[in-house]
Amino acid sequence: MKRTSVFANSLIWFGAGVSLAEILTGTYFAPLGMGRGIAAILLGHVIGCVLFFLAGLIGGRERRSAMETTKMSFGAKGGMLFALLNVVQLVGWTGIMIYDGALATNELFAFGIPVWSIVIGVLIIVWIAIGVTNLGLLNKITMALLFILTVVLSVVIFREGNPGASSTDVFTFGMGVENAVAMPLSWLPVISDYTREAEKPFKATLWSTITYGLVSCWMYVIGMGLAIYTGGSNIADIMLKAGLGIAALLIMILSTVTTTFLDAFSAGVSAESLTKKLNGKTMGIIATVIGTVGACLFNMDNIMNFLYLIGSVFAPMIAVQLTTYFILKKDSFKAAFDWPNLIVWAVGLVVYRLMMHVDLPTGYTLPSVLITMLLCYVVNKAIPAKK
């Protein structure tokens, strides 16, 4: 297997961070103002990225995909539950990302959302067909172009705009932290699909995390600035007024392709965890086709409930994984089911959903993860390991 360099892994996650979905999520932070908004964004990303790093490190060390690492905590068949859930959520993400990209692009050149969805879908399929380890020069050129265009976008918003009146929407600091945690959390079931192929797993995971964390914060701040300085959330309209034209079109399409490619490709990798008869690349292409059809047919404007659903499933999952791998040093890969851990995960899911109704300055992901980790430790210590 061809190994990827630290730089190549960092480029992958730079592309993941430059996302319309993250910019749009950043617009929700406007009621906090720039100071408190940036503080919430940073705190949320620190929490989310620590989990992101640890999840990626497991896959990098073990040379296993994200969903194969779950089998170490939940058993060979128990881990298949998360592989199936992950395929479903990644197909959903693929559709959402294509829809967001097509919607924004259609504001620039009104050929219709279905047309742009198909264009973006075809480009994602090209990326998958080339393969993550073979993108090479194409990926470097794309990321350089994205970086330049995003800098231009930042300058346009913060130099040309003027701070508007404070929003009266109810949005607490804790809600902001949780919204910032949501994006790195959504990548937890994906990161190991790329760190498993790294030449230097620790360094690749570390720099992937740093790169993604910084870029994601940048996108959130752009979104927040868009809402505060322009009084709206229509990024395409701002680009048109600034005369960006074709440059704006490139931002919309490239950012969508480089982010959504990871979702679709990992959907294929997760499908391989269900049965070795499935080909990851083929399944990734099928996931893209399904997502493209969904983007053509359905309205996907509000994704927050989708993000919360992902968090409630995968936050307790990673809590159990971190406890069993780093603390208990336990490996259930050869067992069919690890029932104690599966039950702890189910309880952790309930804890997460209950914590959603509590407004804490840290958000609810961190306390729910810590509670689930403690429960996992206690349960595993109380139940003797089978010889």
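The numbers here are math on the coordinates, done by the rules we state, and not lab data. The structure displayed is predicted, hence computed values, not measured ones. Heads up, the Cβs are rebuilt from the backbone with ideal geometry, glycines too, and the neighbour counts pull from every protein chain shown.
Any idea how far apart Ala129 and Val50 come out in nm if each label point goes 7 Å out from Cα toward Cβ? Going by the 7 Å Cα→Cβ label model, 4.4 nm. For Ala335, nonlocal amide neighbours, meaning residues 5 or more places apart or on other chains whose placed amide H falls under 5 Å from its own, are Ala76. Stretching the chain fully between Val378 and Phe111 yields a gain of 90.3 nm (0.36 nm per residue, less the alpha carbon separation). Listed by chain and number, the aspartates and glutamates whose C-alpha is less than 13 Å from the C-alpha of Lys281, apart from same-chain residues fewer than 8 away, are Asp193, Asp263, Glu272. Note on the chain: with charges restricted to the Cβ of Lys and Arg (+1) and Asp and Glu (-1), its dipole about the Cα centre is near 1620 debye. Applying the criteria of a DSSP loop state and at most 11 other Cβ atoms within 10 Å to the trypsin sites (Lys or Arg not before Pro) of region 1-60 yields Lys2. A straight chain from Phe298 to Lys334 at 0.36 nm per residue would run longer than the Cα-Cα distance by 8.8 nm.
Treating cross-link reach as a plain straight distance, find the aspartates and glutamates whose alpha-carbon is under 16 Å from the alpha-carbon of Lys381, omitting any fewer than eight places away in the same chain. Reachable aspartates and glutamates: Asp331, Asp338. Quick one: compute a quarter of the convex hull surface over the Cα atoms of region 258-331 and quote it in nm². Mean shadow area of the hull around the Cα atoms is 6.8 nm². Taken along its three principal axes, the alpha carbon spread of the chain comes to 69, 45, 38 Å, from the longest extent down to the shortest. Centre-to-centre, using Cα atoms only, region 287-353 and region 20-60 are separated by 19 Å.
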